[in-house]
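Trainee: Submitted below is the structure of interest, expressed as structure tokens.
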Amino acid sequence: MSRTVSQLLILLHGYGGQGQNFIFIKDYLKKEIENLEILMPNAPFIKDEVRKEYQWFELHSKNQEDQLSQIQKSLLRIKNYLDDASKKYKVPYEKILLGGFSQGGMMSLYSATQIKKRIQGVIVFSGKMILVESLKNAIKIPVFLSHGSSDKIIPHNSMIESEQQLKKHGFYVTTHTAKNIGHDIDKSTIEKCIFFIKNEV
């Protein structure tokens with residue numbers, strides 16, 4: 001008997017990662033949230049072909065135009081992926097959540113501001129807001145921001161700054177700080193994420 005799907009969560013992996021990095025979160029969330037399907041696409045740009053590592057944009061590029069071009073190409077890929085997933089699972093945009101870790105969190109937040117349809121919400125693990133000017137005309141949706149207090153790759157303060165920018169532009173924002181956690185996703189963060197999905201979107 002096939003499982004009914006009424007809600008989608010699309011998770012974008014971090015820099016140098018791949019979709020399968022989220023498999024432990026996928027299993028946990030699907031157990032806790034009925035009728036939720038989780039999709040984990042790979043980014044369009046290869047970081048390391050042998051290791052099968054992908055990136056949404058070149059993080060350390062010295063050429064800003066090239067970096068912005070990659071961000072826009074990834075944005076188009078994400079938009080098309082959402083559209084295809086909505087049609088395949090017959091789930092409306094209003095029941096689709098977009099989320100990600102680190103660079104994937106940056107892209108999920110940016111993409112949500114560029115989609116001209118209202119999605120259900122955004123979930124950001126250890127990421128931050130990029131291209132802040134995109135917030136001006138964006139559809140206001142619920143946002144969950146989480147960050148480790150000991151993150152040395154993207155400092156915890158990035159979450160505070162992102163929260164301020166989002167609230168300034170009228171977004172509803174929930175935050176969670178994982179104490180003594182670095183650039184990672186711990187159990188407390190997953191539990192707060194579940195609460196957000198069940199109660200705040």
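Trainee: Restricting the search to the stretch 83-133, which residues are basic (Lys, Arg) and closer than 23 Å to GLN18 by Cβ?
Mentor: If the condition is that a residue be basic (Lys, Arg) and closer than 23 Å to GLN18 by Cβ, then LYS88, LYS128 are the ones that fit.
Trainee: While we're looking at this one, here's another question. Report yes if ILE197 is in a loop (DSSP other than H, G, I, E, B), buried (at least 17 other Cβ atoms within 10 Å of the Cβ) and touching a residue at least 12 places away in the same chain (Cβ under 8 Å), otherwise no.
Mentor: When the stated conditions are applied, ILE197 does not pass them.
Trainee: Next up: Every residue in the stretch 1-27 that is surrounded by 17 or more Cβ atoms within 10 Å (Cβ to Cβ) and of a type in the set (Lys, Arg), please.
Mentor: Passing the criteria: only LYS26.
Trainee: Could you tell me whether ILE139 is touching a strand residue (DSSP E or B) at 6+ places or on another chain (Cβ under 9 Å), among the hydrophobic types (A, V, I, L, M, F, W, C) and farther than 15 Å from GLU163 by Cβ?
Mentor: no
Trainee: Search the stretch 119-143 for residues that are in contact (Cβ under 8 Å) with a residue 40 or more places away in the chain and pair each with any residue that is outside any loop (DSSP other than H, G, I, E, B) and surrounded by fewer than 17 Cβ atoms within 10 Å (Cβ to Cβ) when their beta-carbon atoms are under 7 Å apart and the residues are at least 6 apart or on different chains.
Mentor: From residues that are in contact (Cβ under 8 Å) with a residue 40 or more places away in the chain, the pairs are GLN120/GLU94.
Trainee: Out of the stretch 164-180, which residues are in a loop (DSSP other than H, G, I, E, B) and either out of contact with any Leu (no Cβ under 6 Å at 6 or more places or on another chain) or in contact (Cβ under 8 Å) with a residue 40 or more places away in the chain (or both)?
Mentor: Passing the criteria: GLY170, PHE171, TYR172, LYS179, ASN180.
Trainee: Every residue in the stretch 58-85 that is small (Gly, Ala, Ser) and over 13 Å from PHE45 (Cα atoms), please.
Mentor: SER61, ALA85
Trainee: Of ILE46, ILE38, which residue is closer than 19 Å to GLY105 by Cβ and β-branched (Val, Ile, Thr)?
Mentor: Step by step, each of ILE46, ILE38 is checked, and only ILE38 is closer than 19 Å to GLY105 by Cβ and β-branched (Val, Ile, Thr).
Trainee: Just the residues that are surrounded by 14 or more Cβ atoms within 10 Å (Cβ to Cβ) and assigned to a helix (DSSP H, G or I), please, taken from the stretch 181-193.
Mentor: Scanning the stretch 181-193 gives SER188, THR189, ILE190, LYS192, CYS193.
Trainee: A follow-up question, please. I want to confirm something. Restricting to the stretch 126-178 and keeping residues that are at positive phi and surrounded by fewer than 18 Cβ atoms within 10 Å (Cβ to Cβ), which single residue is farthest from the chain's Cα centre (by Cα)?
Mentor: Of everything passing the filter in the stretch 126-178, GLY170 is farthest from the chain's Cα centre (by Cα).
Trainee: Would you please name the residue that is surrounded by the fewest Cβ atoms within 10 Å (Cβ to Cβ), looking only at residues in the stretch 28-48 that are among the aliphatic types (A, V, I, L, M) and in a strand (DSSP E or B)?
Mentor: ILE46
Trainee: I'm trying to understand the selection: among the residues of the stretch 146-201, which are in contact with a Gly (Cβ under 6 Å, 6 or more places away or on another chain) and more than 19 Å from GLY100 (Cβ to Cβ)?
Mentor: SER150, the sole residue that qualifies.
Trainee: Sticking with this one: Quickly run through the stretch 77-93 and pick out the residues that are out of contact with any strand residue (DSSP E or B) (no Cβ under 8 Å at 6 or more places or on another chain), surrounded by 13 or more Cβ atoms within 10 Å (Cβ to Cβ) and either under 19 Å from LEU12 (Cβ atoms) or aliphatic (A, V, I, L, M) (or both).
Mentor: Passing the criteria: ARG77, LYS79, ASP83, TYR93.
Trainee: Among (1) in a helix (DSSP H, G or I); (2) free of Cβ contacts under 8 Å to residues at least 24 places away in the same chain, which single condition is HIS60 missing?
Mentor: Among (1) in a helix (DSSP H, G or I); (2) free of Cβ contacts under 8 Å to residues at least 24 places away in the same chain, HIS60 violates only (1).
Any read-out appearing in this document is the output of simple, stated calculations on the displayed coordinates, not a laboratory observation. Given the structure is predicted, the values throughout are model-derived calculations rather than measurements. Quick reminder, even Gly has a Cβ in these numbers, built from the backbone with ideal geometry, and neighbours come from all protein chains shown.
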